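Asker: To start, I am sharing the structure in question, which I have written as structure tokens.
The values are calculated or read from the model by the stated rules, or taken from the named source; none is laboratory data. Small disclaimer: the values here were computed from a predicted structure and weren't measured. Note that we place each Cβ from the backbone using ideal geometry, even for glycine, and neighbour counts take in every protein chain shown. These accessible areas exclude ligands, DNA and RNA; they are computed on the full protein's heavy atoms, side chains included. Shrake-Rupley method; radii C 1.70, N 1.55, O 1.52, S 1.80 Å.
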Amino acid sequence: GAGGGGCLGLRVPGSGRVALWLHQLRLNFSFGLCLVDRAAAGIRGDLRLSADPEDEKTLRALAGGGCIVLTAHTGAWQLALPALAAILPGKAHVVMIREPGDVDLHVFEHSDRFGRIGVIDSSQGPAAVMAMTQALLRGESLGMMGDRLTHDREPGLDAPFLGRPARFPVAPYRQASACGVPVAVCFARRTGPCRARLRLAGIIRPPADLGPRPGAYAPYVAEYARLMEEETATRPHDFFNFYNVWGCQG
């Protein structure tokens, strides 16, 4: 479905065929609401994001020396991107792929009303890595997605997710280790039209200088997968993974 319902049965175990069909409808409906919110927020600037005061305080403290804010295609993730500028001190950058001819702008790209947010195109290879490193060393923040590999050649590791191994990227933790910064795992939950609440799910701290070997980052990939599983189990219709991370059917 449009919302990316691969292996939907893993999210709602024990569901029969009719129940799974209803869950798929609910998933697609939730995704549709997110698309409407994205358009409304970009066109009208009507966007309100909130966070628990303690989460906000912790995020500000982490970002003081640079940090990676790691999220996922779950809930109101597109509305959460401007929260980087609204909550974190200093400049924030969103790491994303720029497809050739891509005119589908994100909320924060329509205007600067949401604050100063830069974009780093991860498809630029070494140039993107250099840009991310320089930003973090300047004490700025990076917003990254931790639930999908951006291309077939990107290093990834399997970790248990909803009862089956799923593949996740290692790039966020490798970048954090190289720059000596923490990884703040955050998820945004839609609370109403153009309204979202940012939740700090956990903090991952890879040791410095772990090097390029993907296997060194297995514990941190597994921790992210655990946090993702907790979020998905609580809100199974809010995970829009767009592709089959488990490699199964249905």
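Asker: Which of the residues that make up the range 11-28 are in a helix (DSSP H, G or I) and either basic (Lys, Arg) or farther than 20 Å from PHE187 by Cα (or both)? I'd like the intermediate steps shown before the answer.
Answerer: Of all residues in the range 11-28, those in a helix (DSSP H, G or I) come to 11, 17-28.
Across the range 11-28, the qualifying residues are ARG11, ARG17, VAL18, ALA19, LEU20, TRP21, LEU22, HIS23, GLN24, LEU25, ARG26.
Asker: Related question: Could you list, in sequence order, all residues of the range 139-148 that are outside any strand (DSSP E or B) and either touching a Gly at 6+ places or on another chain (Cβ under 7 Å) or among the acidic types (Asp, Glu) (or both)? Steps first, answer last, please.
Answerer: Step one: list which residues in the range 139-148 are outside any strand (DSSP E or B), which gives 139-140, 146-148.
Those that are outside any strand (DSSP E or B) and either touching a Gly at 6+ places or on another chain (Cβ under 7 Å) or among the acidic types (Asp, Glu) (or both): GLY139, GLU140, ASP147.
Asker: Being surrounded by fewer than 18 Cβ atoms within 10 Å (Cβ to Cβ), touching a residue at least 12 places away in the same chain (Cβ under 8 Å) and over 29 Å from GLN124 (Cβ atoms) is true for just one of GLY163, GLY215, GLY180, GLY192. Which residue is that? If you could, list the steps in order and put the result at the bottom.
Answerer: Details: GLY215 fails: over 29 Å from GLN124 (Cβ atoms); GLY180 fails: over 29 Å from GLN124 (Cβ atoms); GLY192 fails: touching a residue at least 12 places away in the same chain (Cβ under 8 Å).
Result: GLY163 is the single residue among GLY163, GLY215, GLY180, GLY192 that is surrounded by fewer than 18 Cβ atoms within 10 Å (Cβ to Cβ), touching a residue at least 12 places away in the same chain (Cβ under 8 Å) and over 29 Å from GLN124 (Cβ atoms).
Asker: A further question follows. Could you check how many residues of the range 133-154 are within 27 Å of LEU88 (Cβ to Cβ), open to solvent by 10 Å² or more (accessible area, probe 1.4 Å) and under 18 Å from the mean Cα position of the chain (by Cα)?
Answerer: Our first condition is that a residue be within 27 Å of LEU88 (Cβ to Cβ); within the range 133-154, this holds for 133-150, 154.
Filter again for open to solvent by 10 Å² or more (accessible area, probe 1.4 Å), leaving 133-134, 137-140, 144-145, 148-150, 154.
Filter again for under 18 Å from the mean Cα position of the chain (by Cα), leaving 140, 144-145, 148-150, 154.
Of the residues in the range 133-154, 7 are within 27 Å of LEU88 (Cβ to Cβ), open to solvent by 10 Å² or more (accessible area, probe 1.4 Å) and under 18 Å from the mean Cα position of the chain (by Cα).
Asker: Another one. If I filter the range 179-203 down to residues being small (Gly, Ala, Ser) and touching a Phe, Trp or Tyr at 6+ places or on another chain (Cβ under 6 Å), which single residue comes out as farthest from TYR224 (Cα to Cα)? Show your work before the answer.
Answerer: If we filter the range 179-203 for residues that are small (Gly, Ala, Ser), which is where we start, we get 180, 184, 188, 192, 196, 201-202.
Filter again for touching a Phe, Trp or Tyr at 6+ places or on another chain (Cβ under 6 Å), leaving 188, 201.
Values: ALA188: 15, ALA201: 9 Å.
Only one residue tops the list, namely ALA188.
Asker: Continuing with the same structure: Can you name the number of the only condition in (1) under 30 Å from PHE29 (Cβ atoms); (2) surrounded by fewer than 19 Cβ atoms within 10 Å (Cβ to Cβ) that ALA225 fails?
Answerer: So the condition that ALA225 fails would be (2).
Asker: Which residues, taken from the range 29-71, are closer than 22 Å to ALA225 by Cα, assigned to a helix (DSSP H, G or I) and of a type in the set (A, V, I, L, M)?
Answerer: LEU59, LEU62
Asker: Within the range 175-186, identify whether any single residue is assigned to a loop (DSSP other than H, G, I, E, B) and touching a Leu at 6+ places or on another chain (Cβ under 8 Å), and answer yes or no.
Answerer: Step one: of the range 175-186, the residues assigned to a loop (DSSP other than H, G, I, E, B) are 180-182.
Now drop any that are not touching a Leu at 6+ places or on another chain (Cβ under 8 Å), which leaves 181-182.
Yes: the range 175-186 contains one or more residues that are assigned to a loop (DSSP other than H, G, I, E, B) and touching a Leu at 6+ places or on another chain (Cβ under 8 Å).
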